[in-house]
Amino acid sequence: MTAETAYHGEMGEQFAAQATDSAYNAHTERPAMRELAGEVRGLRVLDLGCGAGHLAAEFLERGAEGVTGVEGSASLLAAARERLGDRAVLHRHDLEEPLTFLHDGTFDLAVMALVYHHVEARGQLLAEIRRVLRPGGTLLVSTSHPTSDWTHFGGSYFADDRVRLPFGGKFALTYRRMTLEVFLGELLGAGFVLEKLIEPRATQEARRVDPRRYDKTHHQPLFLAVRLRRP
């Protein structure tokens with residue numbers, strides 16, 4: 001992500017802390033990605049926009065052969081290094097730029113957890129992911145749900161503007177809202193095959209953390225997550 005969209009400095013530190021046990025990140029979106037990933041034992045995993053390394057750590061604990069994380073924020077990458085130690089290979093890199101440091105056909109599984117909608121050069125990124133995945137490899141993508149963005153920001157459902165979402169009291173996340181047609185169209189147009197789509201709802205553990213947000217996820221879709229295959 002660009003300097004404008006990456007979670008730098010104090011914002012990154014705050015995001016890393018809250019993502020550990022938050023109703024939305026820890027107990028809604030990450031369980032969905034785990035479900036979509038299925039068995040990861042022995043797989044070589046690429047975590048794009050790895051953040052503080054929460055999902056990478058779970059994949060390693062579940063027996064992944066190796067994890068490579070890519071992150072544009074120095075503060076989030078520092079949190080990932082603290083969490084993962086030398087168990088993963090971590091790179092600081094802007095996802096708006098090609099993944100030239102990764103070799104063709106290196107990975108079995110690539111993951112983009114709540115990252116895709118931040119990126120502008122999405123076509124280039126998808127082509128790079130297709131290049132570094134082996135034939136038959138898997139891509140998991142989660143994003144903000146199009147209808148949630150429409151409900152929250154208003155205007156036309158078909159708008160494709162960049163929006164700002166307040167975070168942590170004094171920060172704001174910025175990302176590109178897109179329709180379901182655009183989201184899936186870009187992924188399929190890049191040559192991936194859709195295998196499964198889910199609209200994640202919070203696990204029971206989220207009720208302990210934040211009952212209001214737990215209930216919200218069971219009344220309206222907030223996220224969208226898909227599993228795709230590279231032919």
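The values are calculated or read from the model by the stated rules, or taken from the named source; none is laboratory data. Please read these numbers as outputs of a predicted model, since none were measured by experiment. Here the Cβ positions follow ideal geometry from the backbone for every residue, glycine too, while neighbour counts run over all protein chains shown. Just the protein is used for accessible areas: all its heavy atoms, side chains included, with ligands, DNA and RNA removed. Shrake-Rupley method; radii C 1.70, N 1.55, O 1.52, S 1.80 Å.
Listing for the model above:
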{"quantity": "Candidates ALA190, ALA110, ALA52: whichever shows maximal mean-square fluctuation once the chain is modelled as a Gaussian network with Cα springs under 10 Å", "calculated": "ALA190"}
{"quantity": "Residue-by-residue Karplus 3J(HN,Hα) for the stretch 218-224, coefficients 6.51, -1.76, 1.60, Hz, glycine and proline x", "calculated": "9, 10, 8, x, 10, 10, 9"}
{"quantity": "For the chain, share of DSSP beta bridges that run antiparallel, in % to the nearest 5", "calculated": "45"}
{"quantity": "Estimated [θ] at 222 nm from DSSP helical runs (n ≥ 4, -39500 (n - 2.57)) normalised by residues in the chain, nearest 500", "calculated": "-9500 deg cm²/dmol"}
{"quantity": "Protein-only accessible surface order, largest first, of PHE59, PHE153, PHE167 at 1.4 Å", "calculated": "PHE153, PHE167, PHE59"}
{"quantity": "Most mobile of VAL193, VAL111, VAL209 in a GNM of the chain (Cα contacts under 10 Å)", "calculated": "VAL209"}
{"quantity": "Gain upon complete extension [GLU181, ILE198; 0.36 nm per residue less C-alpha separation]", "calculated": "4.6 nm"}
{"quantity": "Dimensionless Rg over Rh [the stretch 73-154; C-alpha; Kirkwood]", "calculated": "1.01"}
{"quantity": "Relative contact order (percent, whole number), the stretch 79-231, Cα cutoff 8 Å, 6+ residue spacing", "calculated": "25"}
{"quantity": "GNM flexibility winner over the chain from LEU77, LEU102, LEU55 (Cα, springs under 10 Å)", "calculated": "LEU102"}
{"quantity": "Amide proton proximity set for ALA110, modelled H, under 5 Å, gap of 5+", "calculated": "LEU46, THR138, LEU139, LEU140"}
{"quantity": "All-pairs Cα distance distribution in the chain, expressed in whole percent, bin size 10 Å", "calculated": "8, 34, 41, 16, 1"}
{"quantity": "Amide H contacts of LYS196 (H built 1.01 Å from N, under 5 Å, at least 5 apart or other chain)", "calculated": "ARG227"}
{"quantity": "HIS91 long-range amide H proximity, modeled H, under 5 Å", "calculated": "GLY69, VAL70, GLU71"}
{"quantity": "Rounded FRET efficiency, nearest 0.05, which uses the C-beta distance separating ARG87 from THR151 and R0 of 45 Å", "calculated": "0.70"}
{"quantity": "Cα principal axis extents for the stretch 144-231, largest first, Å", "calculated": "41, 30, 21"}
{"quantity": "Accessible heavy-atom area order of THR138, THR151, highest first, probe of 1.4 Å", "calculated": "THR151, THR138"}
{"quantity": "The stretch 1-143, relative contact order in percent, only Cα pairs under 8 angstrom and at least six apart counted", "calculated": "26"}
{"quantity": "Under Karplus coefficients 6.51, -1.76 and 1.60, residue-wise ³J(HN,Hα) of the stretch 50-55 in Hz, glycine/proline x", "calculated": "5, x, 8, x, 4, 5"}
{"quantity": "Charge dipole magnitude, Cβ of K and R +1, D and E -1 - the chain, Cα centre, debye nearest 20", "calculated": "440"}
